[in-house]
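The values are calculated or read from the model by the stated rules, or taken from the named source; none is laboratory data. Everything quoted here is computed from the prediction, not taken from an experiment. For neighbour counting, all protein chains shown are included, and Cβ atoms are generated from backbone atoms with ideal geometry for every residue, glycine included.
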């Protein structure tokens with residue numbers, strides 16, 4: 001799915017207008033917004049606020065499409081010239097019985113908002129600059145302070161559609177209907193927290209319209225995710241179905257290896273092998289039934305590397321890092337193994353610590369790094385990552401080292417040096433110890449099944465996020481990392497069942 005910046009969206013919009021006509025596009029936008037309203041309307045009173053531009057015109061178009069059983073009022077800024085599309089929308093709204101009034105004065109704004117069950121935010125669109133200024137600032141504050149459910153048209157007023165930055169004031173919407181193509185800012189904090197439920201309405205912007213104007217950003221949706229996953233052939237052998245080697249665990253952290261191995265298995269691997277220090281192998285064998293555990297001598301790094309490399313002859317990828325610990329000898333093992341192998345690798349946790357000053361040895365290899373913010377700060381050598389710097393810092397890091405990197409966070413980003421992928425799934429339930437180990441195992445499996453590093457990383461991140469959501473449905477509180485592997489099958493089935501509804505796609 002293409003994700004656009006504000007400037008890219010302006011160019012795509014111009015191309016769509018040339019192909020379909022402005023009036024037709026606004027009518028399609030209004031129809032899409034109207035289809036979302038019943039999902040949030042607890043009552044029948046719908047109030048819209050419209051600025052002077054076409055974002056306000058979309059509000060008129062939406063009210064014109066709503067059933068006449070709704071009490072529909074729009075407060076609109078009627079100053080300035082109006083486009084033909086907006087004039088058409090206003091005419092249709094008036095003919096449909098919509099009550100049209102001027103923007104209310106500050107003294108009556110709160111009352112107007114309090115009378116609404118749903119408010120449509122059509123105040124400003126992607127072309128607006130922050131901060132929002134008067135007279136709209138007062139309106140934005142009143143909308144945000146109201147108890148009504150707010151549906152933002154295209155973007156919530158007060159966010160930057162490209163960077164995700166928010167101004168003061170800003171509307172925290174209940175839902176957003178983004179039109180034509182998703183905007184990058186809607187996926188980045190803090191704007192993502194203001195978007196509410198994100199619905200996408202293409203309204204005639206197909207790939208031939210959007211692709212020529214799309215830049216670096218992409219995102220997976222459920223349909224693309226399911227087509228990205230490898231399909232097991234009808235005639236297959238266990239190792240050909242994916243044979244990842246998990247190099248993980250220690251006496252202190254055996255659970256990390258268990259979680260990683262189970263994540264690999266439940267992601268579809270046919271044969272999972274775990275290489276563990278001899279001192280931890282017995283514990284792991286007590287917890288892993290279907291997976292094979294082999295031991296190595298972690299006190300003798302050169303011998304350990306030989307032992308693990310011998311195991312790799314029957315494996316098709318490596319997942320390394322969870323629970324290995326920070327001992328210098330383990331650093332020698334990690335670096336020696338990664339220098340020696342040609343298998344695709346996902347490196348996480350302790351492996352990232354041991355690779356901090358040795359990233360050059362990964363250049364040219366098929367590798368995914370999966371740091372959280374603290375690990376990334378150490379890897380990059382450039383300190384703490386501020387929220388607004390994440391995209392550029394990740395891009396610069398990948399450009400420097402040539403390694404596909406998955407930067408974890410509330411918004412997970414994956415970059416391979418060509419495209420920045422933003423993950424659209426996820427759930428607060430994943431904020432618990434060990435879920436990253438599960439993700440490492442999942443990526444290892446997808447690598448072992450032949451996916452390119454960037455595809456393995458973005459598919460696993462999306463699936464992992466969906467898994468968190470499914471786990472929380474079954475267990476509203478107390479989800480632990482061990483729950484995630486067991487719901488990956490259900491999460492996949494849920495994604496496969498998602499279909500575009502009336503031209504709308506729920507993104508998050």
Please tell me if residue 55 is assigned by TED's automatic domain parsing to the domain that holds residue 211, buried (at least 24 other Cβ atoms within 10 Å of the Cβ) and out of contact with any helix residue (DSSP H, G or I) (no Cβ under 8 Å at 6 or more places or on another chain). yes
Please go through the stretch 304-319 and pick out each residue that is surrounded by 24 or more Cβ atoms within 10 Å (Cβ to Cβ) and either free of Cβ contacts under 8 Å to residues at least 60 places away in the same chain or not assigned by TED's automatic domain parsing to the domain that holds residue 244 (or both). 304
Determine, yes or no, whether residue 47 is touching a residue at least 12 places away in the same chain (Cβ under 8 Å) and either farther than 18 Å from residue 155 by Cβ or not in a loop (DSSP other than H, G, I, E, B) (or both). yes
Of the residues that make up the stretch 320-339, is at least one in contact with a strand residue (DSSP E or B) (Cβ under 9 Å, 6 or more places away or on another chain), farther than 19 Å from residue 355 by Cα and buried (at least 21 other Cβ atoms within 10 Å of the Cβ)? no
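Yes or no, residue by residue, for (1) modelled with pLDDT under 95; (2) more than 27 Å from residue 151 (Cα to Cα); (3) buried (at least 22 other Cβ atoms within 10 Å of the Cβ); (4) more than 17 Å from the chain's Cα centre (by Cα):
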| site | (1), (2), (3), (4) |
| --- | --- |
| 399 | no, yes, no, yes |
| 407 | no, yes, yes, no |
| 428 | yes, no, no, no |
| 438 | no, yes, yes, yes |
| 487 | no, yes, yes, yes |
So, restricting to helices (runs of 4 or more DSSP H) that lie completely within the stretch 435-508, which ones have at least 2 residues that are free of Cβ contacts under 8 Å to residues at least 24 places away in the same chain and in the same structural domain as residue 322 (by TED's automatic domain parsing)? 453-474, 483-497
The condition of being at pLDDT 95 or above, farther than 16 Å from residue 47 by Cα and in contact with a strand residue (DSSP E or B) (Cβ under 9 Å, 6 or more places away or on another chain) holds, among 155, 151, 119, only for 155
Restricting the first residue to the stretch 368-384 and requiring it to be free of Cβ contacts under 8 Å to residues at least 60 places away in the same chain, which pairs with a second residue that is assigned to a loop (DSSP other than H, G, I, E, B) and exposed (fewer than 13 other Cβ atoms within 10 Å of the Cβ) meet a Cβ separation below 9 Å and a spacing of at least six or different chains? 373/384; 374/384; 377/383; 377/384; 381/357
What residue, among those in the stretch 139-149 that are assigned to a helix (DSSP H, G or I) and touching a residue at least 60 places away in the same chain (Cβ under 8 Å), is nearest to residue 105 (Cα to Cα)? 139
Being crowded, with 20+ Cβ neighbours inside 10 Å and more than 25 Å from residue 27 (Cα to Cα) narrows it down to one residue among 110, 142, 152, 128; which is it? 142
Restricting to the stretch 42-57, what's the tally of residues that are within 21 Å of residue 141 (Cα to Cα) and in contact with a strand residue (DSSP E or B) (Cβ under 7 Å, 6 or more places away or on another chain)? 9
Kindly indicate which of 264, 275 is at pLDDT 95 or above, in the same structural domain as residue 454 (by TED's automatic domain parsing) and more than 31 Å from the chain's Cα centre (by Cα). 275
In the stretch 456-481, what residues are surrounded by fewer than 18 Cβ atoms within 10 Å (Cβ to Cβ) and either closer than 26 Å to residue 178 by Cα or in contact with a helix residue (DSSP H, G or I) (Cβ under 8 Å, 6 or more places away or on another chain) (or both)? 474, 475
Candidates 369, 394, 362 - the one that is in contact with a helix residue (DSSP H, G or I) (Cβ under 9 Å, 6 or more places away or on another chain), under 27 Å from residue 482 (Cβ atoms) and modelled with pLDDT of 95 or more: 369
Would you be able to say whether some residue in the stretch 24-38 is more than 30 Å from residue 215 (Cα to Cα) and either outside the structural domain of residue 206 (by TED's automatic domain parsing) or exposed (fewer than 15 other Cβ atoms within 10 Å of the Cβ) (or both)? yes
